[in-house]
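The values are calculated or read from the model by the stated rules, or taken from the named source; none is laboratory data. None of these values were measured; they are calculated from a predicted model. Methodologically, a virtual Cβ is constructed for each residue, glycine included, from the backbone with ideal geometry; neighbour enumeration extends over all protein chains shown. To get the accessible areas, we keep the full protein, side chains included, count just its heavy atoms, and leave off ligands, DNA and RNA. Shrake-Rupley method; radii C 1.70, N 1.55, O 1.52, S 1.80 Å.
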Amino acid sequence: MTSSWAGLTPDTRRLALSLGLWGLGAGLYAVIWPLYVGRLGGNALVLGLLSTVSGVATALSMIPGGRWSDRVDRRRLLLWGWALGVPAPFLYAWAPRWPYLLPGLVLYFGSSFSTPALQAVLVEEVPAERLAGVYNLVMAVFGLGLVAGPALGTYLAARWGDRPVFLLAGGLYAAATAVLGGLRPHPPRPGRRRRSWTPRGRPRLFQWTLFAAGLAVVQGLAFPFVVPYLKQVGRLPTETLGILGSAGVLAGTLAAPVWGRVGQRRGLPATLGRGMLLVTAGWILFLWHPDRLDVVLAATLLRGVGEAARGLAGVAVGRTVRAEEAGTAFGLFNFATELAGAFAPLLGGLLYDRWPVLPFALAALATGMLGWWLVEGLPGRPWRPPGLEV
(Lines give C-alpha, C1' and ligand atoms only; values in the text may rest on other atoms or scores of the structure.)
Protein backbone atom coordinates (compact mmCIF):
# COMPACT_ATOMS: atom_id res chain seq x y z
CA MET A 1 0.00 0.00 0.00
CA THR A 2 1.57 3.29 -1.06
CA SER A 3 1.63 6.36 1.11
CA SER A 4 0.25 9.68 -0.01
CA TRP A 5 3.66 11.31 -0.37
CA ALA A 6 4.82 10.79 -3.97
CA GLY A 7 3.37 7.25 -3.93
CA LEU A 8 6.22 5.96 -1.72
CA THR A 9 5.87 3.21 0.88
CA PRO A 10 8.00 3.09 4.05
CA ASP A 11 10.30 0.56 2.36
CA THR A 12 10.71 2.56 -0.83
CA ARG A 13 11.50 5.65 1.24
CA ARG A 14 14.15 3.69 3.12
CA LEU A 15 15.59 2.44 -0.16
CA ALA A 16 15.69 6.00 -1.44
CA LEU A 17 17.57 7.22 1.65
CA SER A 18 20.08 4.38 1.40
CA LEU A 19 20.63 5.06 -2.30
CA GLY A 20 21.15 8.75 -1.55
CA LEU A 21 23.88 8.01 1.00
CA TRP A 22 25.51 5.54 -1.36
CA GLY A 23 25.33 8.04 -4.20
CA LEU A 24 27.01 10.67 -2.05
CA GLY A 25 29.84 8.25 -1.30
CA ALA A 26 30.25 7.31 -4.97
CA GLY A 27 30.08 10.94 -6.02
CA LEU A 28 32.97 11.90 -3.76
CA TYR A 29 35.44 10.21 -6.09
CA ALA A 30 33.49 10.22 -9.36
CA VAL A 31 35.45 13.14 -10.80
CA ILE A 32 38.85 12.43 -9.28
CA TRP A 33 38.75 8.73 -10.26
CA PRO A 34 40.31 9.06 -13.75
CA LEU A 35 42.85 11.53 -12.36
CA TYR A 36 43.63 9.14 -9.49
CA VAL A 37 44.14 6.29 -11.96
CA GLY A 38 46.56 8.56 -13.85
CA ARG A 39 48.49 9.35 -10.68
CA LEU A 40 48.80 5.60 -10.07
CA GLY A 41 50.42 5.16 -13.49
CA GLY A 42 47.38 4.48 -15.71
CA ASN A 43 46.53 6.06 -19.07
CA ALA A 44 43.34 6.26 -21.15
CA LEU A 45 43.67 2.62 -22.20
CA VAL A 46 44.03 1.56 -18.55
CA LEU A 47 40.99 3.66 -17.67
CA GLY A 48 39.02 1.83 -20.35
CA LEU A 49 40.33 -1.52 -19.09
CA LEU A 50 39.24 -0.75 -15.53
CA SER A 51 35.80 0.24 -16.80
CA THR A 52 35.61 -3.04 -18.71
CA VAL A 53 36.57 -5.06 -15.64
CA SER A 54 33.90 -3.19 -13.67
CA GLY A 55 31.27 -3.89 -16.29
CA VAL A 56 32.14 -7.59 -16.60
CA ALA A 57 32.08 -8.04 -12.81
CA THR A 58 28.68 -6.35 -12.68
CA ALA A 59 27.30 -8.41 -15.56
CA LEU A 60 28.48 -11.74 -14.15
CA SER A 61 26.81 -10.97 -10.83
CA MET A 62 23.42 -10.27 -12.38
CA ILE A 63 22.18 -13.72 -13.43
CA PRO A 64 22.70 -15.39 -10.03
CA GLY A 65 21.51 -12.20 -8.32
CA GLY A 66 18.31 -12.19 -10.35
CA ARG A 67 17.56 -15.83 -9.63
CA TRP A 68 18.35 -15.45 -5.91
CA SER A 69 16.06 -12.44 -5.61
CA ASP A 70 13.09 -14.61 -6.60
CA ARG A 71 14.13 -17.46 -4.30
CA VAL A 72 15.37 -15.86 -1.04
CA ASP A 73 14.32 -12.93 1.10
CA ARG A 74 15.04 -9.80 -0.98
CA ARG A 75 15.82 -7.78 2.15
CA ARG A 76 18.59 -10.24 3.05
CA LEU A 77 19.99 -10.12 -0.46
CA LEU A 78 20.07 -6.32 -0.40
CA LEU A 79 21.96 -6.31 2.89
CA TRP A 80 24.51 -8.83 1.59
CA GLY A 81 25.13 -6.80 -1.54
CA TRP A 82 25.45 -3.46 0.22
CA ALA A 83 27.81 -4.91 2.87
CA LEU A 84 30.06 -6.48 0.24
CA GLY A 85 30.63 -3.12 -1.45
CA VAL A 86 31.65 -1.26 1.73
CA PRO A 87 35.37 -2.27 1.78
CA ALA A 88 36.04 -1.21 -1.82
CA PRO A 89 36.90 2.49 -1.22
CA PHE A 90 39.34 1.49 1.52
CA LEU A 91 41.13 -0.79 -0.96
CA TYR A 92 41.27 2.08 -3.48
CA ALA A 93 42.80 4.35 -0.85
CA TRP A 94 45.61 1.92 -0.11
CA ALA A 95 46.49 1.08 -3.75
CA PRO A 96 50.15 1.96 -4.56
CA ARG A 97 49.76 1.39 -8.33
CA TRP A 98 46.75 1.06 -10.64
CA PRO A 99 46.73 -2.81 -10.78
CA TYR A 100 45.99 -2.79 -7.04
CA LEU A 101 42.65 -1.13 -7.80
CA LEU A 102 41.37 -4.34 -9.39
CA PRO A 103 40.42 -6.26 -6.20
CA GLY A 104 38.35 -3.32 -4.98
CA LEU A 105 36.65 -2.95 -8.35
CA VAL A 106 35.74 -6.64 -8.52
CA LEU A 107 34.41 -6.53 -4.95
CA TYR A 108 32.42 -3.32 -5.49
CA PHE A 109 30.89 -4.16 -8.84
CA GLY A 110 30.48 -7.83 -7.98
CA SER A 111 28.21 -6.70 -5.15
CA SER A 112 25.75 -5.63 -7.85
CA PHE A 113 24.08 -9.03 -7.52
CA SER A 114 21.68 -7.21 -5.17
CA THR A 115 20.50 -4.77 -7.86
CA PRO A 116 17.76 -7.06 -9.27
CA ALA A 117 16.42 -7.45 -5.72
CA LEU A 118 16.24 -3.65 -5.38
CA GLN A 119 14.37 -3.31 -8.66
CA ALA A 120 12.10 -6.24 -7.82
CA VAL A 121 11.15 -4.68 -4.45
CA LEU A 122 10.05 -1.55 -6.30
CA VAL A 123 7.88 -3.62 -8.67
CA GLU A 124 6.49 -5.51 -5.66
CA GLU A 125 5.72 -2.36 -3.65
CA VAL A 126 4.28 -0.05 -6.33
CA PRO A 127 1.14 -0.51 -8.49
CA ALA A 128 1.88 -0.82 -12.22
CA GLU A 129 0.10 2.42 -13.08
CA ARG A 130 2.44 4.38 -10.77
CA LEU A 131 5.61 2.39 -11.36
CA ALA A 132 7.23 4.77 -13.86
CA GLY A 133 7.00 7.76 -11.56
CA VAL A 134 8.04 5.99 -8.34
CA TYR A 135 10.78 3.87 -9.96
CA ASN A 136 12.43 6.91 -11.53
CA LEU A 137 12.02 8.94 -8.34
CA VAL A 138 13.70 6.36 -6.09
CA MET A 139 16.51 5.74 -8.54
CA ALA A 140 16.98 9.50 -8.92
CA VAL A 141 17.77 9.86 -5.22
CA PHE A 142 21.04 8.04 -5.91
CA GLY A 143 21.76 10.91 -8.28
CA LEU A 144 20.78 13.41 -5.60
CA GLY A 145 23.57 11.98 -3.46
CA LEU A 146 25.91 12.31 -6.40
CA VAL A 147 25.12 16.02 -6.71
CA ALA A 148 27.05 17.07 -3.62
CA GLY A 149 29.69 14.37 -4.06
CA PRO A 150 31.84 15.64 -6.95
CA ALA A 151 32.21 19.21 -5.70
CA LEU A 152 32.91 18.04 -2.13
CA GLY A 153 35.27 15.29 -3.28
CA THR A 154 37.37 17.56 -5.49
CA TYR A 155 37.49 20.18 -2.70
CA LEU A 156 38.76 17.63 -0.19
CA ALA A 157 41.20 16.08 -2.66
CA ALA A 158 42.69 19.48 -3.53
CA ARG A 159 43.43 20.16 0.15
CA TRP A 160 44.15 16.79 1.74
CA GLY A 161 44.78 14.43 -1.17
CA ASP A 162 42.82 11.58 -2.70
CA ARG A 163 42.96 8.95 0.02
CA PRO A 164 40.84 10.75 2.66
CA VAL A 165 38.12 11.08 0.01
CA PHE A 166 37.98 7.30 -0.41
CA LEU A 167 37.94 6.74 3.35
CA LEU A 168 34.97 9.09 3.74
CA ALA A 169 33.20 7.29 0.89
CA GLY A 170 33.61 3.98 2.71
CA GLY A 171 32.01 5.47 5.82
CA LEU A 172 29.01 6.65 3.80
CA TYR A 173 28.65 3.19 2.23
CA ALA A 174 28.54 1.70 5.74
CA ALA A 175 25.82 4.19 6.78
CA ALA A 176 23.79 3.33 3.66
CA THR A 177 23.99 -0.36 4.58
CA ALA A 178 22.80 0.35 8.12
CA VAL A 179 19.71 2.15 6.77
CA LEU A 180 18.62 -1.03 4.97
CA GLY A 181 18.44 -2.87 8.28
CA GLY A 182 14.98 -1.36 8.83
CA LEU A 183 13.43 -2.91 5.72
CA ARG A 184 10.63 -5.40 6.28
CA PRO A 185 11.23 -8.94 5.00
CA HIS A 186 10.41 -9.57 1.34
CA PRO A 187 10.28 -13.37 1.11
CA PRO A 188 9.79 -15.10 -2.24
CA ARG A 189 6.22 -15.39 -3.46
CA PRO A 190 4.81 -18.68 -4.74
CA GLY A 191 3.82 -18.52 -8.37
CA ARG A 192 3.12 -20.83 -11.25
CA ARG A 193 5.52 -21.09 -14.17
CA ARG A 194 4.15 -19.13 -17.14
CA ARG A 195 6.63 -18.84 -19.97
CA SER A 196 10.19 -19.85 -20.68
CA TRP A 197 12.96 -17.28 -20.30
CA THR A 198 13.64 -17.12 -24.04
CA PRO A 199 13.09 -14.45 -26.71
CA ARG A 200 10.21 -16.52 -28.08
CA GLY A 201 8.58 -16.90 -24.67
CA ARG A 202 9.09 -13.29 -23.53
CA PRO A 203 9.56 -11.12 -26.62
CA ARG A 204 8.93 -7.73 -25.01
CA LEU A 205 11.43 -8.39 -22.22
CA PHE A 206 14.16 -9.37 -24.68
CA GLN A 207 13.38 -6.54 -27.10
CA TRP A 208 13.73 -3.94 -24.38
CA THR A 209 16.85 -5.68 -23.10
CA LEU A 210 18.48 -5.63 -26.54
CA PHE A 211 17.63 -1.98 -27.02
CA ALA A 212 18.96 -0.96 -23.60
CA ALA A 213 22.16 -2.93 -24.25
CA GLY A 214 22.70 -0.92 -27.42
CA LEU A 215 22.33 2.32 -25.47
CA ALA A 216 24.84 1.05 -22.90
CA VAL A 217 27.41 0.41 -25.63
CA VAL A 218 26.92 3.85 -27.15
CA GLN A 219 27.29 5.77 -23.91
CA GLY A 220 30.12 3.55 -22.66
CA LEU A 221 32.25 4.62 -25.62
CA ALA A 222 32.47 8.20 -24.40
CA PHE A 223 31.37 8.74 -20.82
CA PRO A 224 34.56 7.51 -19.02
CA PHE A 225 36.66 10.01 -20.98
CA VAL A 226 34.69 13.20 -20.34
CA VAL A 227 36.88 14.32 -17.43
CA PRO A 228 40.24 13.59 -19.15
CA TYR A 229 39.02 15.38 -22.31
CA LEU A 230 37.92 18.50 -20.44
CA LYS A 231 41.16 18.45 -18.46
CA GLN A 232 43.47 17.98 -21.45
CA VAL A 233 41.62 19.71 -24.30
CA GLY A 234 39.40 22.16 -22.44
CA ARG A 235 42.07 22.86 -19.78
CA LEU A 236 39.42 23.25 -17.10
CA PRO A 237 40.57 23.05 -13.45
CA THR A 238 39.72 19.99 -11.39
CA GLU A 239 37.40 21.81 -9.00
CA THR A 240 35.44 23.22 -11.95
CA LEU A 241 35.01 19.68 -13.27
CA GLY A 242 33.60 18.70 -9.89
CA ILE A 243 31.04 21.50 -10.02
CA LEU A 244 30.10 20.54 -13.59
CA GLY A 245 29.64 16.93 -12.52
CA SER A 246 27.35 17.99 -9.70
CA ALA A 247 25.34 20.23 -12.03
CA GLY A 248 24.80 17.42 -14.53
CA VAL A 249 23.73 14.95 -11.87
CA LEU A 250 21.40 17.51 -10.27
CA ALA A 251 19.76 18.15 -13.64
CA GLY A 252 19.25 14.43 -14.15
CA THR A 253 17.97 13.91 -10.62
CA LEU A 254 15.34 16.62 -11.01
CA ALA A 255 14.39 15.41 -14.49
CA ALA A 256 14.02 11.69 -13.67
CA PRO A 257 10.62 11.89 -11.89
CA VAL A 258 9.37 14.18 -14.68
CA TRP A 259 10.42 11.66 -17.33
CA GLY A 260 8.59 8.98 -15.34
CA ARG A 261 5.34 10.94 -15.29
CA VAL A 262 5.62 11.88 -18.96
CA GLY A 263 6.32 8.24 -19.82
CA GLN A 264 3.19 7.13 -17.96
CA ARG A 265 1.06 9.51 -20.04
CA ARG A 266 2.73 9.50 -23.45
CA GLY A 267 4.31 6.08 -23.70
CA LEU A 268 7.76 4.88 -22.75
CA PRO A 269 9.40 4.56 -26.22
CA ALA A 270 8.72 8.10 -27.46
CA THR A 271 9.60 9.61 -24.09
CA LEU A 272 12.89 7.72 -23.96
CA GLY A 273 13.63 8.83 -27.53
CA ARG A 274 13.22 12.49 -26.62
CA GLY A 275 15.66 12.00 -23.78
CA MET A 276 18.23 10.51 -26.16
CA LEU A 277 17.86 13.48 -28.51
CA LEU A 278 18.72 15.78 -25.61
CA VAL A 279 21.80 13.66 -24.92
CA THR A 280 22.80 14.03 -28.57
CA ALA A 281 22.48 17.81 -28.36
CA GLY A 282 24.66 17.72 -25.25
CA TRP A 283 27.43 15.74 -26.98
CA ILE A 284 27.40 18.15 -29.93
CA LEU A 285 27.74 21.17 -27.64
CA PHE A 286 30.45 19.36 -25.69
CA LEU A 287 32.55 18.96 -28.84
CA TRP A 288 31.83 22.45 -30.12
CA HIS A 289 33.70 24.41 -27.43
CA PRO A 290 35.24 22.22 -24.67
CA ASP A 291 37.27 25.24 -23.52
CA ARG A 292 34.26 27.50 -22.86
CA LEU A 293 32.70 26.99 -19.47
CA ASP A 294 29.25 28.28 -20.47
CA VAL A 295 29.07 25.90 -23.43
CA VAL A 296 30.34 22.94 -21.41
CA LEU A 297 27.82 23.70 -18.65
CA ALA A 298 24.94 23.77 -21.16
CA ALA A 299 26.18 20.49 -22.66
CA THR A 300 26.42 18.91 -19.22
CA LEU A 301 22.89 19.95 -18.29
CA LEU A 302 21.45 18.63 -21.56
CA ARG A 303 23.19 15.28 -21.15
CA GLY A 304 22.14 15.06 -17.51
CA VAL A 305 18.48 15.70 -18.27
CA GLY A 306 18.47 13.36 -21.26
CA GLU A 307 20.30 10.50 -19.54
CA ALA A 308 17.66 10.50 -16.80
CA ALA A 309 15.17 9.12 -19.32
CA ARG A 310 17.15 5.87 -19.64
CA GLY A 311 15.53 4.64 -16.43
CA LEU A 312 12.34 4.15 -18.41
CA ALA A 313 13.84 1.01 -19.96
CA GLY A 314 13.91 -0.52 -16.46
CA VAL A 315 10.30 0.54 -15.92
CA ALA A 316 9.38 -1.22 -19.16
CA VAL A 317 11.03 -4.43 -17.99
CA GLY A 318 9.12 -4.26 -14.71
CA ARG A 319 5.87 -4.06 -16.65
CA THR A 320 6.58 -7.19 -18.69
CA VAL A 321 6.62 -9.61 -15.73
CA ARG A 322 4.81 -10.39 -12.48
CA ALA A 323 6.26 -9.25 -9.14
CA GLU A 324 7.29 -12.77 -8.07
CA GLU A 325 9.51 -13.20 -11.14
CA ALA A 326 10.76 -9.61 -11.45
CA GLY A 327 14.16 -10.46 -9.96
CA THR A 328 15.00 -12.95 -12.71
CA ALA A 329 13.80 -10.51 -15.38
CA PHE A 330 15.94 -7.70 -14.03
CA GLY A 331 18.86 -10.08 -13.69
CA LEU A 332 18.68 -10.90 -17.40
CA PHE A 333 18.18 -7.25 -18.30
CA ASN A 334 21.09 -6.01 -16.19
CA PHE A 335 23.36 -8.84 -17.34
CA ALA A 336 22.85 -7.96 -20.99
CA THR A 337 23.20 -4.20 -20.56
CA GLU A 338 26.26 -4.41 -18.31
CA LEU A 339 28.02 -6.99 -20.48
CA ALA A 340 27.26 -5.04 -23.64
CA GLY A 341 28.57 -1.84 -22.12
CA ALA A 342 31.58 -3.47 -20.43
CA PHE A 343 33.77 -3.56 -23.52
CA ALA A 344 32.72 -0.19 -24.89
CA PRO A 345 35.11 1.79 -22.63
CA LEU A 346 38.01 -0.37 -23.80
CA LEU A 347 37.20 0.48 -27.41
CA GLY A 348 36.64 4.08 -26.36
CA GLY A 349 40.10 4.16 -24.78
CA LEU A 350 41.70 2.96 -28.00
CA LEU A 351 39.82 5.60 -30.00
CA TYR A 352 40.63 8.30 -27.46
CA ASP A 353 44.34 7.54 -27.61
CA ARG A 354 44.19 7.77 -31.41
CA TRP A 355 42.06 10.93 -31.63
CA PRO A 356 40.31 12.22 -28.47
CA VAL A 357 37.27 13.53 -30.33
CA LEU A 358 36.34 10.15 -31.85
CA PRO A 359 34.48 8.48 -28.93
CA PHE A 360 32.29 11.54 -28.42
CA ALA A 361 31.50 11.97 -32.11
CA LEU A 362 30.46 8.31 -32.40
CA ALA A 363 28.34 8.57 -29.24
CA ALA A 364 26.57 11.67 -30.60
CA LEU A 365 25.84 10.04 -33.96
CA ALA A 366 24.57 6.73 -32.56
CA THR A 367 22.52 8.31 -29.77
CA GLY A 368 20.87 10.68 -32.22
CA MET A 369 19.93 7.83 -34.55
CA LEU A 370 18.43 5.76 -31.72
CA GLY A 371 16.52 8.74 -30.35
CA TRP A 372 15.12 9.66 -33.76
CA TRP A 373 14.06 6.06 -34.35
CA LEU A 374 12.14 5.97 -31.06
CA VAL A 375 10.38 9.28 -31.67
CA GLU A 376 9.69 9.16 -35.40
CA GLY A 377 10.26 5.55 -36.46
CA LEU A 378 12.14 4.38 -39.52
CA PRO A 379 10.94 5.24 -43.05
CA GLY A 380 7.91 3.12 -43.89
CA ARG A 381 7.65 1.80 -40.31
CA PRO A 382 5.10 2.55 -37.56
CA TRP A 383 5.71 5.62 -35.42
CA ARG A 384 6.81 3.46 -32.49
CA PRO A 385 9.39 0.71 -32.99
CA PRO A 386 7.65 -2.68 -33.14
CA GLY A 387 7.86 -4.68 -29.96
CA LEU A 388 8.93 -1.86 -27.65
CA GLU A 389 5.44 -0.69 -26.71
CA VAL A 390 4.61 -1.26 -23.05
Next on the checklist: So in segment 326-363, with the set limited to residues that are open to solvent by 40 Å² or more (accessible area, probe 1.4 Å) and in contact with a Gly (Cβ under 8 Å, 6 or more places away or on another chain), which one is nearest to Gly234 (Cα to Cα)?
Outcome noted: Leu350
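Listed here are the residues, each with its yes/no results for (1) out of contact with any Pro (no Cβ under 9 Å at 6 or more places or on another chain); (2) modelled with pLDDT of 80 or more; (3) assigned to a helix (DSSP H, G or I).
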residue: Tyr135; (1), (2), (3): yes, yes, yes
residue: Val138; (1), (2), (3): yes, yes, yes
residue: Val147; (1), (2), (3): yes, no, yes
residue: Ala178; (1), (2), (3): yes, yes, yes
residue: His186; (1), (2), (3): yes, yes, no
residue: Arg193; (1), (2), (3): yes, no, no
Checklist entry - Got at least one residue in segment 325-334 being aliphatic (A, V, I, L, M), assigned by the TED database to the domain that holds Pro290 and over 25 Å from Ala222 (Cα atoms)? => result yes
Checklist entry - Within segment 209-219, is even one residue crowded, with 21+ Cβ neighbours inside 10 Å, more than 21 Å from Ser69 (Cα to Cα), not hydrophobic (A, V, I, L, M, F, W, C) and not assigned by the TED database to the domain that holds Pro34? => result yes
Checklist entry - Taking the stated definitions as given, is Arg274 open to solvent by 30 Å² or more (accessible area, probe 1.4 Å), modelled with pLDDT of 90 or more, assigned by the TED database to the domain that holds Pro228 and part of a helix (DSSP H, G or I)? => result yes
Checklist entry - Wholly within segment 288-361, which helices (runs of 4 or more DSSP H) include no fewer than the required count, namely at least 2 residues that are of a type in the set (S, T, N, Q)? => result 326-342
Item to check | Residues of segment 250-266 that turn out to be farther than 27 Å from Gly20 by Cα and open to solvent by less than 10 Å² (accessible area, probe 1.4 Å), as a count | outcome: 0
Checklist entry - Taking interchain pairs and intrachain pairs at least six residues apart, which have beta carbon atoms under 9 angstrom, with the first residue in segment 72-94 and within 18 Å of Leu167 (Cβ to Cβ) and the second of a type in the set (Asp, Glu) and at pLDDT below 95? => result Tyr92/Asp162; Ala93/Asp162
Item to check | Selection count where residues are under 16 Å from Leu347 (Cβ atoms), open to solvent by 60 Å² or more (accessible area, probe 1.4 Å) and either touching a Leu at 6+ places or on another chain (Cβ under 9 Å) or part of a helix (DSSP H, G or I) (or both), scope segment 41-94 | outcome: 2
Next on the checklist: So, in segment 156-193, exactly how many residues are within 24 Å of the chain's Cα centre (by Cα) and open to solvent by 50 Å² or more (accessible area, probe 1.4 Å)?
Outcome noted: 3
Item to check | Hey, Ser196 among the hydroxyl-bearing types (Ser, Thr, Tyr) and over 30 Å from Arg14 (Cα atoms) or not | outcome: yes
Next on the checklist: Any residue at all in segment 17-27 that's open to solvent by 40 Å² or more (accessible area, probe 1.4 Å) and either in contact with a Phe, Trp or Tyr (Cβ under 7 Å, 6 or more places away or on another chain) or over 17 Å from Gly143 (Cβ atoms) (or both)?
Outcome noted: no
Checklist outcome for this item: Residue pairs qualifying under the 9 Å Cβ cut-off, at least six apart or on distinct chains, with the first in segment 1-30 being under 26 Å from Pro89 (Cβ atoms) and part of a helix (DSSP H, G or I) and the second being modelled with pLDDT of 90 or more and of a type in the set (Phe, Trp, Tyr), are Ser18/Trp82; Leu21/Tyr173; Trp22/Trp82; Trp22/Tyr173; Gly25/Tyr173; Ala26/Tyr173; Leu28/Phe166
